[in-house]
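**Q** Just passing along the structure, written as structure tokens.
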Amino acid sequence: MYMIIKYLLSNNYLPVSYKKGAVVYEPGAQPKAVYFIKSGEVRMVTVNDEGKEFIQGIFKANQYFGEPALLLNKPYLAYTIVSRDAEIIPVNKQDFFKLIEEDRAFSMELIKTLSNRLFYKSMMLEELANEQAEHRVKTLLTYLLKSLEKGDLLDITRQQLADMSGLRVETVIRIVKKLTDQKVLKLYKGKIIKE
């Protein structure tokens, strides 16, 4: 994905700076662009009537978001909120479609990305139907750790794990401690590490 960011910058696409807490787009807004993250982090969330966030996804440097709504010409379904100060390159619909048509490697990357997100959503839907909190957390951690190399730290907070699993943060903390005590997980400076 780094090559796409480099390509965009070298072709005069300008990054827009966002401060932590800024909203990139809201539910119901019509899609105008796909957003490529040069630096920082963005979370995609839905918010219930009590104001509790449920994280749909976390996007970091060299990733992108907003493409499903743009491809389908449907309004966004979630908020995207900057979690860490970010530089984001918006690519309008016409230019995004041109990129898909002209760059076969990017087209394959897009298909893989969309497939991975669909798999994740299906997995989480099944897990949310499962009432066993520990099972939910273990499945989510297995999925998140799978993309890391041995020795890498999982850069996700307990609160984010709670928001992704639909559980309370206290429940996630208790489960992570239990899994660590059982030697199912290993921590390094409070972060989960892939063994």
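**Q** Looking at 146, 183, 150, which one is within 24 Å of residue 64 (Cβ to Cβ), open to solvent by 90 Å² or more (accessible area, probe 1.4 Å) and outside the structural domain of residue 46 (by the TED database)?
**A** Of 146, 183, 150, the one residue that is within 24 Å of residue 64 (Cβ to Cβ), open to solvent by 90 Å² or more (accessible area, probe 1.4 Å) and outside the structural domain of residue 46 (by the TED database) is 146.
**Q** Let me ask something else about it. Out of the residues in region 23-34 that are small (Gly, Ala, Ser) and in a loop (DSSP other than H, G, I, E, B), which is nearest to residue 92 (Cα to Cα)?
**A** 29
**Q** Hey, could you check region 153-163 for residues that are buried (at least 16 other Cβ atoms within 10 Å of the Cβ) and farther than 20 Å from residue 186 by Cβ and say which is modelled with the lowest pLDDT?
**A** 163
Residue-wise test of (1) in contact (Cβ under 8 Å) with a residue 24 or more places away in the chain; (2) more than 13 Å from the chain's Cα centre (by Cα); (3) at negative phi.
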site	(1), (2), (3)
44	yes, no, yes
68	yes, yes, yes
76	yes, yes, yes
109	yes, yes, yes
115	no, yes, yes
133	yes, yes, yes
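**Q** Return the only residue of 6, 38, 20, 98 being open to solvent by 20 Å² or more (accessible area, probe 1.4 Å) and assigned to a loop (DSSP other than H, G, I, E, B).
**A** 20
**Q** Consider residue 4 carefully, then state whether it is of a type in the set (Val, Ile, Thr), without any contact (Cβ under 8 Å) to a residue 12 or more places away in the chain and over 29 Å from residue 167 (Cβ atoms).
**A** No: the conditions fail for residue 4.
**Q** Mind counting the residues in region 60-95 that are assigned to a strand (DSSP E or B) and among the small types (Gly, Ala, Ser)?
**A** Residues meeting the conditions: 2.
**Q** Scan (1) in the same structural domain as residue 32 (by the TED database); (2) open to solvent by 70 Å² or more (accessible area, probe 1.4 Å); (3) farther than 21 Å from residue 9 by Cα; (4) not basic (Lys, Arg) for the single condition residue 76 breaks and write down its number.
**A** (2)
**Q** Select, from 134, 87, the only residue that is more than 24 Å from residue 3 (Cα to Cα) and open to solvent by 40 Å² or more (accessible area, probe 1.4 Å).
**A** On inspection, the qualifying residue turns out to be 134.
**Q** Pick out the one residue from 124, 108 that is closer than 25 Å to residue 163 by Cβ and either open to solvent by less than 30 Å² (accessible area, probe 1.4 Å) or among the hydrophobic types (A, V, I, L, M, F, W, C) (or both).
**A** Within the list 124, 108, the selection yields 124.
The values are calculated or read from the model by the stated rules, or taken from the named source; none is laboratory data. Here the structure is a predicted model, which means the values were calculated and not measured. Cβ coordinates were reconstructed from backbone atoms using ideal geometry, including for glycine residues, and neighbour counts include every protein chain displayed. Just so you know, the surface numbers come from the protein's heavy atoms only, side chains and all, with ligands and any DNA or RNA stripped out. Shrake-Rupley method; radii C 1.70, N 1.55, O 1.52, S 1.80 Å.
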